[in-house]
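**Q** The structure's right below; bear with me while I get my questions together.
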Amino acid sequence: MKVYPKVPRYDHPVVSDAFYEADDLTLLEKFDGSSFRFTLYDDRYAELYPDQVESAADGDGSVVFGTRKSIRGCHHDDLDDIDGALHRAVRCLRNGVDTTVLRRFHDEYDSPLIVYAENLVYSTLDYGYTDRDLPALIGFDVLPYAEIETMTPPGNPYEETFEEFLSTEEAWELFEQICIEGAPTTVSFVPARILDSPAGGFDPDSYDFPSSSLASGVTVEGIVARSDKHARRIKLVREEFKELNREQFGRLPEDTESGAEYVVACYCTPARIRKQIRTMVLEDGREFGLHLNEDLYPRVIEDMWAENWPELMKLDIPFTPADVYPLVAKRCITELRKMQTNAELNETDPTAVWEHLS
């Protein structure tokens, strides 16, 4: 399945001023979840599928799915063999997406289709995952396989356009029709919310971000503006979300303001934290919960020192080891909360969440 093209920031050099004056400009809510894509395997078009999709499919009618860069399986697979963060999305493919209707769209476009969606898992914004029923997948783009060879130029990834993707009107018609009416909200597939179609142009510098369609008390992460005539999408993310994201995940190494922040940004990774959590629960027999953090963050720091000591000794950035401790503790409690919330959301064990996605 084609990896979704890079979406540039609104002020990226590849975005022309003419884009903002397009008469078909559409503004969509940008959701804070995880990238997801799926395709219906249709024997009639077997020659168009890449080997990875064919291998993952369990015969005609299988829905093969993946994250941003990897194919993860098909909807017939046992949930025990699928990463816990994807369980609700897979239940949606089983119970919330009408594959009979999707197959009819293959006839219309004489090609199988790739549907791009947001998997609603807790990342930075809490839409009230444990307080209300939220949809599992939110569709936002569609690409026919028959067009893939014509729209992937080499070089700068931001030069790649969305040529040959379905138009906004066509994609939203597909989204509306493949939604299974009456499916429980928790396993439902819905289209992304269209915020506006500004016929008179759009000024990103003065845009007032609205509340999310998922929770009235939560401001959107940002927006995506799209124009079919320009074959382009751009993103505009609010500054407050960026700061919240930095608080949750820590800063990037290049954005750090102290030696301790730099060390944590480089070596206190989510994968490292999750590894220690799984060891404590699965090997040491500890009960999962936020209380683990009292012993978790010292173990993460010990693992950082043990594995990365040669690199840390050669750093040309001074840091005080004691300053690392509170930063790591904060990262660890954040990771515990996300694993706890997403386990409840996906009805799975916390240690299975992101087990294979690190």
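**Q** Name the single residue, out of those in region 302-350 being under 24 Å from the mean Cα position of the chain (by Cα) and basic (Lys, Arg), that is nearest to Cys268 (Cα to Cα).
**A** Selected residue: Arg331.
**Q** Of the conditions (1) over 30 Å from Glu239 (Cβ atoms); (2) at pLDDT 95 or above, Gly155 fails just one. Which one is it?
**A** (2) is the only condition that Gly155 fails.
Here's the yes/no breakdown for (1) in the same structural domain as Thr219 (by TED's automatic domain parsing); (2) under 16 Å from the mean Cα position of the chain (by Cα); (3) over 21 Å from Ser111 (Cβ atoms); (4) of a type in the set (Val, Ile, Thr):
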{"residue": "Val7", "(1), (2), (3), (4)": "no, yes, yes, yes"}
{"residue": "Phe31", "(1), (2), (3), (4)": "yes, yes, yes, no"}
{"residue": "Tyr49", "(1), (2), (3), (4)": "yes, no, no, no"}
{"residue": "Ala57", "(1), (2), (3), (4)": "yes, no, no, no"}
{"residue": "Val63", "(1), (2), (3), (4)": "yes, no, no, yes"}
{"residue": "Arg68", "(1), (2), (3), (4)": "yes, yes, yes, no"}
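**Q** Could you list, ordered by first residue, the pairs with Cβ atoms under 6 Å in which the first is in region 230-257 and buried (at least 17 other Cβ atoms within 10 Å of the Cβ) and at pLDDT 75 or above and the second is among the hydrophobic types (A, V, I, L, M, F, W, C) and assigned to a helix (DSSP H, G or I), at least 6 apart or interchain?
**A** Pairs that qualify, where the first residue is buried (at least 17 other Cβ atoms within 10 Å of the Cβ) and at pLDDT 75 or above and the partner is among the hydrophobic types (A, V, I, L, M, F, W, C) and assigned to a helix (DSSP H, G or I), are His230/Phe19; Arg232/Phe19; Thr256/Ala265.
**Q** Report whether or not Cys92 is hydrophobic (A, V, I, L, M, F, W, C) and in contact with an Asp or Glu (Cβ under 6 Å, 6 or more places away or on another chain). Step through it out loud before you land on a result.
**A** Details: hydrophobic (A, V, I, L, M, F, W, C): yes; in contact with an Asp or Glu (Cβ under 6 Å, 6 or more places away or on another chain): no.
So Cys92 does not fit the description; no.
**Q** With respect to Arg286, determine if the residue is assigned to a loop (DSSP other than H, G, I, E, B) and in contact with a helix residue (DSSP H, G or I) (Cβ under 6 Å, 6 or more places away or on another chain). Steps first, please.
**A** Working: assigned to a loop (DSSP other than H, G, I, E, B): yes; in contact with a helix residue (DSSP H, G or I) (Cβ under 6 Å, 6 or more places away or on another chain): yes.
Yes: the conditions hold for Arg286.
**Q** Tally up the residues in region 7-41 that are charged (D, E, K, R) and not in a loop (DSSP other than H, G, I, E, B), please. Talk me through it step by step, then tell me what you get.
**A** The initial filter retains those residues of region 7-41 that are charged (D, E, K, R), namely 9, 11, 17, 21, 23-24, 29-30, 32, 37.
After this cut, where a residue has to be not in a loop (DSSP other than H, G, I, E, B) as well, the list is 9, 17, 21, 29-30, 37.
The total comes to 6.
**Q** Given (1) more than 19 Å from Leu25 (Cβ to Cβ); (2) surrounded by fewer than 17 Cβ atoms within 10 Å (Cβ to Cβ); (3) not aliphatic (A, V, I, L, M), where does Glu221 come up short, assuming only one miss?
**A** Tallying (1) more than 19 Å from Leu25 (Cβ to Cβ); (2) surrounded by fewer than 17 Cβ atoms within 10 Å (Cβ to Cβ); (3) not aliphatic (A, V, I, L, M), Glu221 fails exactly one: (2).
**Q** Let me ask something else about it. Please go through region 328-358 and pick out each residue that is assigned to a loop (DSSP other than H, G, I, E, B) and touching a Lys or Arg at 6+ places or on another chain (Cβ under 7 Å). Walk me through how you get there before you give the answer.
**A** Step one: filter region 328-358 for residues assigned to a loop (DSSP other than H, G, I, E, B), giving 347-349, 353-358.
Scanning region 328-358 gives Trp354, Ser358.
**Q** For the condition part of a helix (DSSP H, G or I) and in contact with an Asp or Glu (Cβ under 7 Å, 6 or more places away or on another chain), what is the one hit in Glu108, Glu147?
**A** Working: Glu108 fails: in contact with an Asp or Glu (Cβ under 7 Å, 6 or more places away or on another chain).
Of Glu108, Glu147, the one residue that is part of a helix (DSSP H, G or I) and in contact with an Asp or Glu (Cβ under 7 Å, 6 or more places away or on another chain) is Glu147.
**Q** Filter region 158-203 down to the residues that are at pLDDT 95 or above, acidic (Asp, Glu) and closer than 19 Å to Tyr4 by Cβ and list them by number.
**A** Glu170
**Q** Something else about it: Go through (1) in contact with an Asp or Glu (Cβ under 6 Å, 6 or more places away or on another chain); (2) without any contact (Cβ under 8 Å) to a residue 12 or more places away in the chain and name the single condition Ile178 misses.
**A** Failing condition for Ile178: (2).
**Q** Okay, moving on. Of everything in region 288-338, what is more than 19 Å from Arg274 (Cβ to Cβ) and aromatic (Phe, Trp, Tyr)? Give them in sequence order.
**A** Passing the criteria: Trp309, Phe319, Tyr325.
**Q** Can you name the strands (runs of 3 or more DSSP E) wholly within region 163-262 that have at least 1 residues being in the same structural domain as Ser111 (by TED's automatic domain parsing) and charged (D, E, K, R)?
**A** Output list reads 194-196, 222-227, 232-237.
**Q** If you take the residues in region 80-105 that are among the aliphatic types (A, V, I, L, M) and assigned to a helix (DSSP H, G or I), which one is surrounded by the fewest Cβ atoms within 10 Å (Cβ to Cβ)? Working first, answer last.
**A** Here is the first cut: in region 80-105, the residues among the aliphatic types (A, V, I, L, M) are 82, 85-86, 89-90, 93, 97, 101-102.
Those still in the list that are assigned to a helix (DSSP H, G or I) too: 85-86, 89-90, 93, 101-102.
Details: Ala85: 25, Leu86: 28, Ala89: 29, Val90: 27, Leu93: 25, Val101: 15, Leu102: 20.
Of everything passing the filter in region 80-105, Val101 is surrounded by the fewest Cβ atoms within 10 Å (Cβ to Cβ).
**Q** Report whether or not Arg272 is touching a residue at least 24 places away in the same chain (Cβ under 8 Å) and touching a Gly at 6+ places or on another chain (Cβ under 8 Å).
**A** Numbers: touching a residue at least 24 places away in the same chain (Cβ under 8 Å): yes; touching a Gly at 6+ places or on another chain (Cβ under 8 Å): no.
The answer is no for Arg272.
The values are calculated or read from the model by the stated rules, or taken from the named source; none is laboratory data. Everything numeric in this text was worked out from a predicted model, so none of it was measured. Note that each Cβ is placed from the backbone with ideal geometry, even for glycine, and that neighbours are counted across all protein chains shown.
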